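S.K.: Quick one: structure below, then a few questions.
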Amino acid sequence: MLAKRIIPCLDVKDGKTVKGVNFVNFREAGDPVELGAQYSRQGADELVYLDITASHEGRKTFTELVKKVAANISIPFTVGGGINALADVERLLAAGADKVSINSSALRNPDLIEEIAKNFGSQVCVVAIDANFENERWLCYLNGGRIPTDRFLFDWATEAESRGAGEILFTSMTHDGVKDGYSNEALACLADLLHIPVIASGGAGKMEHFRDAFTLGRADAALAASVFHFGEIGIAELKDYLSAEGVNVRL
Amino acid sequence: MKVAIIKYNAGNIYSVDYALKRLGVEPVITDDLGVIRNAEKVIFPGVGEALSTMTYLREHGLDDFIRGLMQPVLGICLGMQLMCMHSEEGDTPCLGIFDSEVKRFIPKRHEDKVPHMGWNTLTDVKSRLFGPELEGKFTYFVHSYYVPVNEFTVATTDYILPFSAALHKDNFYATQFHPEKSGDVGELILRNFLNL
């Protein structure tokens, strides 16, 4: 049976891992390759590396990091941040990434989803969506949650799927950093709407939150950062817990 | 040990290279027929689409060549599918090493997502690629097409229906999953192949 996936996310700036609380105030949390290798040993099913560096120089550093990750880690990993064109995708896949995650660039230029799917296959293309619940709707945001758009989560996720997205990574800005659980209702709506896997993101604080994302939210994977980086939840103990709770995970 | 990774117009062959390096082997990524012929082990990897890759293989004379290899050959993912008789993807005639069709997954329920992506279990394992300790272990899959269970099946996985996770015939071995991305379990399977 296909297992539910646990995905630690590493935000990388200038070659180091950081994690924000509600998308601001970064705290540092270690060497990305070493951290990824450690997570892999503990039983992480995939890794996500997000480049939050804005500079050209930072891009080069990140590409070098992707090569090191590919050389050292034997589980799949996704990279995101600063992917604006097909050439960026090509560079990161050639460096050894398995998938790319696009967010603002997909909202600005939805054709990019089709281009990636056509050239490298849908399975390579993760469309990440940052959305905040306001005025009774899930409004999508650009640039790491800084700029509101005129698009809404469910419409945009459906469009992304029809354009060839292989997975949707939904981060609830409302829940991110608050550690009070994932946005399970919105996740369940996405599960009903879409025919591609949904990765839950934003809100993990306790092991029960992961269980709820899989059972109530019917997510295919759950992503988290700070609870893993600061050792609040161990991946091995989390998977033992989920297994005992009847969630099918890789042990 | 001389290991050749066949270079062709398929994606993601570098992760196989990295995985072998982690096992202490320095493989050669090449389309040089002489180098491939002299290798002790040959790996035929691949992520991509059946019709364009088969067309490339035929144009470069690699189709007959791969069929004629005598040393242990390991096909991975698309590599395994191309080693079959015919693929529904692009209605493509393939290498015909394994007398089997490659079919597209047809979802039965809303939850049946295609591609089949993620970690799934191996059952009924046999052949020298798998010891009994690998029964029930998880490996990493990404694919929309599958090979039905047939006389060459040496490991089975269940997704929508039971399908071939691995095939074996003579010196030809193949896995639908990605051993190079399957953590410790994948490393063990690659090591078993290198030790054949």
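S.K.: Given chain B, what count of lysine pairs have C-alpha atoms under 14 Å apart, with each pair 8 or more places apart or on different chains?
M.R.: 6
S.K.: Here is a follow-up. A:K206: which lysines have alpha carbons under 19 Å from its alpha carbon, excluding same-chain residues fewer than 8 sequence positions away?
M.R.: Excluding near neighbours in sequence, the set is A:K4, A:K19, A:K179, A:K239.
S.K.: Can you give the local net charge around B:A39? Use residues other than it whose beta-carbon is closer than 13 angstrom to its beta-carbon, Lys and Arg +1, Asp and Glu -1.
M.R.: Within the 13 Å Cβ shell, the charges total 0.
S.K.: Under 10 °C and 1.306 mPa s, how fast does the protein assembly as shown diffuse according to Stokes-Einstein, given a Kirkwood radius computed over C-alpha pairs? Answer in µm²/s, whole number.
M.R.: 72
S.K.: In the protein assembly as shown, what percentage of the DSSP-assigned beta bridges are antiparallel, given to the nearest 5?
M.R.: Counting only bridges with both partners in the protein assembly as shown, antiparallel ones make up about 45 percent.
S.K.: Per DSSP helix of 4 or more residues, -39500 (n - 2.57); summed, then divided by the residues of chain B. What does that give at 222 nm, rounded to the nearest 500?
M.R.: -6500 deg cm²/dmol
S.K.: Putting +1 on Lys and Arg Cβ atoms and -1 on Asp and Glu Cβ atoms, find which of A:L86, A:F210, B:L82 reaches farthest to the positive end of the dipole of the protein assembly as shown.
M.R.: B:L82
S.K.: Still on this model: Starting from the coordinates of the alpha-carbon atoms of segment A:39-131, obtain the Kirkwood hydrodynamic radius over all distinct pairs and give the value in Å to one decimal.
M.R.: 13.4
S.K.: Once you charge only the Cβ atoms, +1 for Lys and Arg and -1 for Asp and Glu, what is the size of the charge dipole of the protein assembly as shown about its Cα centre, to the nearest 20 debye?
M.R.: Charge dipole of the protein assembly as shown: 740 debye, to the nearest 20.
S.K.: Please name which of A:G231, A:A191, A:A244 has its Cα lying farthest along the dipole of the protein assembly as shown towards the positive end, using unit charges on Cβ (Lys, Arg +1; Asp, Glu -1) and the Cα centre as origin.
M.R.: Working it through, the farthest residue towards the positive pole turns out to be A:G231.
S.K.: Considering only the other residues whose Cβ falls under 9 Å of the Cβ of A:Y241, what net charge follows from Lys and Arg at +1 and Asp and Glu at -1?
M.R.: -2
S.K.: Apply the Karplus parameterisation 6.51 cos²θ - 1.76 cosθ + 1.60, with θ equal to phi minus 60°, to every residue of segment A:199-210 and state each ³J(HN,Hα) to the nearest whole Hz, in sequence, with x for glycine and proline.
M.R.: Result, ordered by residue: 9, 7, 8, x, x, 5, x, 10, 5, 4, 5, 5 Hz.
S.K.: To continue, here is another question. Which value, in debye to the nearest 20, gives the size of the charge dipole of segment A:1-145 about its Cα centre, when Lys and Arg are +1 and Asp and Glu are -1 at the Cβ?
M.R.: So the dipole magnitude of segment A:1-145 works out to roughly 240 debye.
S.K.: Same structure again: Determine the shielding of peptide A:72-81 by partner chains: average, over its residues, the number of Cβ atoms on other chains within 10 angstrom of each Cβ.
M.R.: Counting other chains' Cβ atoms within 10 Å and averaging over A:72-81 gives 4.
S.K.: Local charge sum around B:V114 (other residues, Cβ-Cβ under 14 Å, Lys/Arg +1, Asp/Glu -1)?
M.R.: Once positives and negatives cancel, what remains is -2.
S.K.: Another question, if that's okay. For segment B:3-194, what is the convex hull volume of the alpha-carbon atoms per residue, in Å³?
M.R.: Cα-based convex hull of segment B:3-194, divided per residue, equals 101 Å³.
S.K.: To make sure I understand the rule: partners must be lysines, Cα under 18 Å from the Cα of A:K118, and not fewer than 8 residues away in the same chain. Which ones qualify?
M.R.: Partners within reach: A:K99.
S.K.: Kirkwood hydrodynamic radius, chain A, all distinct C-alpha pairs: what's the number in Å?
M.R.: One over the average 1/r among Cα pairs gives 17.8 Å for chain A.
S.K.: Quick check: the distance between the Cα centres of segment A:113-176 and segment B:170-191, to the nearest angstrom?
M.R.: 34
Read-outs: derived from the displayed coordinates by stated rules, not from any lab. Remember, predicted model here, so these are calculated numbers, not experimental data. Glycine gets a Cβ as well: all are built from the backbone with ideal geometry, and neighbour counts include every protein chain shown.
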